[in-house]
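To start, the structure itself, in structure tokens.
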């Protein structure tokens, strides 16, 4: 390990603690701060490929294997005693967080589409976000709450979203066909893979774990088609299979940050070239620079939601808020 590697990792874990975890997970904030100052733990991380060094993956793997949710001293002791098994799991798994709550910020864009939809998710994980038509929604607005249910009645998955500076959606569109693309799709009917998704949810987020369980139950009853493959190599062939007379929609949420910048740009160029596709992106502000540059103020950790490359809102990373920018 070079000192440059160590310094880069220390800075990454410091920033993770300060910018990502402080307000949402005191446990992860303390753990990340601890790793940033711990040469003994830091020295193990450069042996992993760069995408595998991230805090979310390290902490999820440790909890999945039984490290518990105690203070950093307890985590440190556990990691040093169980590093080989932790490393093996980190190499085998990835951060495929599948947050059904994000459907609440996708729905205002999807509801603008009148025709039945062919829905294609890039980076689908287990495909829980491919079922926006099976969930219930409550939008908190300045004039009061607005609730929408699937056509067959209230869902066991109830998503809440604070909506400002935008009208709430007035309908749940018809999804006629759905397919996901992922390098390593997760089988939601497999208990161990479902438990991995639970481990990826941060310790204090019990509501999200309950939501995962409820969404998994719905999706397990009718599992989606998930195509293994790279987004650039696979999306055109999947699009060619979409039924005629439907509107093709390609969407992704918190996915492209894990793709190399050059590939992100190639994907954006591909999406802009397809005039038969509605492209919905919901990513961090710096992930797609041409989209992020349209927002002229601080994003405060929120995602940028864009339709066909045009920004329409800032959104909470778990679907908890939608601030219109039109």
- Answer with yes or no whether residue 224 is loosely packed, with under 15 Cβ neighbours inside 10 Å, touching a strand residue (DSSP E or B) at 6+ places or on another chain (Cβ under 8 Å), in the same structural domain as residue 300 (by TED's automatic domain parsing) and touching a residue at least 24 places away in the same chain (Cβ under 8 Å). no
- Task: Select, from 199, 155, the only residue that is under 17 Å from the mean Cα position of the chain (by Cα), in the same structural domain as residue 239 (by TED's automatic domain parsing) and modelled with pLDDT of 95 or more.
- Result: 199
- Out of 262, 221, 293, 214, which single residue is closer than 22 Å to residue 180 by Cβ and either over 20 Å from the mean Cα position of the chain (by Cα) or modelled with pLDDT under 95 (or both)? 221
- Message: Can you tell me which residue is farthest from the chain's Cα centre (by Cα) among those in region 54-87 that are outside any helix (DSSP H, G or I) and surrounded by fewer than 17 Cβ atoms within 10 Å (Cβ to Cβ)?
- Response: 82
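The values are calculated or read from the model by the stated rules, or taken from the named source; none is laboratory data. As the structure is a prediction and not an experimental result, all values here were calculated from the model. Here the Cβ is made from the backbone with ideal geometry for all residues, glycine too, and neighbour counts use every protein chain on show.
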